[in-house]
């Protein structure tokens with residue numbers, strides 16, 4: 001196995017003994033070891049505590065007072081063990097319940113060795129990624145002389161499990177398309193979104209580390225800001241829902257400026273994705289581009305959840321998130337990076353917001369900035 005020198009130990013939670021007995025030799029053939037087989041939630045919790053397996057295959061419908069999803073939630077609160085759900089059917093409501101417990105994957109009965117092996121590899125890689133990411137986040141929050149070097153090393157190490165997850169997901173996707181041409185697998189789609197989210201978070205941590213250590217320098221070149229804005233809005237379309245209306249207005253067309261196109265792309269992508277993400281009920285998201293007093297002015301507005309005055313005071317600090325974000329996911333790093341980019345250009349950023357009435361970010365950057 002590539003994840004550790006010792007074989008991976010798997011705890012099977014399955015209330016149908018015949019299925020469990022048929023599953024065991026398949027797993028052993030693939031090189032895994034069976035830690036134990038149990039049939040109830042209470043036994044699963046007890047054996048998980050005693051054996052600390054590397055992975056748990058959890059049937060959703062099991063014996064006892066609690067089902068597999070409730071059992072997984074209890075185990076997740078106490079132990080850091082990846083759990084893959086097994087079920088004979090997977091309706092959207094059940095999948096959503098499972099997803100809320102931090103599931104690492106799903107297997108539909110009857111089990112196919114190829115899909116089972118790929119799903120387990122993905123789960124182990126995702127778990128390895130999650131553990132490493134926690135360490136990296138903790139490191140990013142510390143003040144250490146060697147922090148930048150360690151973060152750079154960790155960033156490159158973390159790309160390995162991400163690649164494994166991506167390749168395994170593509171293998172599952174190819175397998176599904178061969179059986180059902182023209183269809184899509186929701187589980188594979190979730191995996192691919194998770195890989196994209198983790199990749200984005202890694203990029204944010206690396207960029208923040210470089211910015212704080214002074215390793216990001218401006219690459220100033222004449223750009224057509226109008227064309228850049230249009231291009232970025234096109235790239236944002238995949239995350240735009242039917243509930244959102246995206247609008248771009250340029251008061252000076254075309255508007256040319258001497259800026260760092262790559263950093264400006266990162267800045268606008270972050271502000272626009274936040275505007276969409278924090279408008280869960282939809283509404284208008286607008287980007288306005290104008291020129292005033294030898295400055296390029298970028299305004300990103302949304303009609304989302306807004307933010308409190310207290311949060312606005314610490315908006316650009318690392319790992320800070322508003323108290324009203326609920327289950328909307330985020331790292332609290334994006335706006336900190338945006339502030340670094342604005343400062344590098346010698347510009348300013350301000351915010352106007354109210355709870356339930358949306359948010360407006362106003363970025364002002366000099367049209368001509370001398371090289372540093």
Does segment 117-136 include one or more residues that are over 21 Å from residue 191 (Cα atoms), at pLDDT below 85 and surrounded by fewer than 17 Cβ atoms within 10 Å (Cβ to Cβ)? yes
Restricting to segment 352-363, and then to whatever is surrounded by fewer than 20 Cβ atoms within 10 Å (Cβ to Cβ) and either over 27 Å from residue 219 (Cβ atoms) or outside the structural domain of residue 225 (by TED's automatic domain parsing) (or both), can you tell me which residue is modelled with the highest pLDDT? 360
Residues that are assigned to a helix (DSSP H, G or I), at pLDDT below 85 and buried (at least 18 other Cβ atoms within 10 Å of the Cβ), drawn from segment 213-256: 236
Scanning for something touching a strand residue (DSSP E or B) at 6+ places or on another chain (Cβ under 8 Å) and modelled with pLDDT under 85, does segment 257-272 turn up at least one residue? no
Just one of the numbered conditions (1) closer than 21 Å to residue 42 by Cα; (2) assigned to a strand (DSSP E or B) is not true of residue 107; which one? (1)
What residue, among those in segment 278-304 that are on the phi < 0 side of the Ramachandran plot and part of a loop (DSSP other than H, G, I, E, B), is surrounded by the fewest Cβ atoms within 10 Å (Cβ to Cβ)? 281
Is segment 101-111 home to any residue that is at positive phi, buried (at least 18 other Cβ atoms within 10 Å of the Cβ) and assigned by TED's automatic domain parsing to the domain that holds residue 15? yes
Taking segment 84-100, which residues are in contact (Cβ under 8 Å) with a residue 40 or more places away in the chain and crowded, with 22+ Cβ neighbours inside 10 Å? 86
Quick one: what pairs do we get from segment 222-233, first residue within 11 Å of residue 288 (Cα to Cα), second at pLDDT 90 or above and surrounded by 18 or more Cβ atoms within 10 Å (Cβ to Cβ), C-beta under 9 Å, 6+ apart or different chains? 226/289; 229/268; 229/287; 229/289; 229/298
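The values are calculated or read from the model by the stated rules, or taken from the named source; none is laboratory data. Since we're looking at a predicted model, the values are computed, not measured. We place every Cβ from the backbone using ideal geometry, glycine too, and count neighbours over all the protein chains shown.
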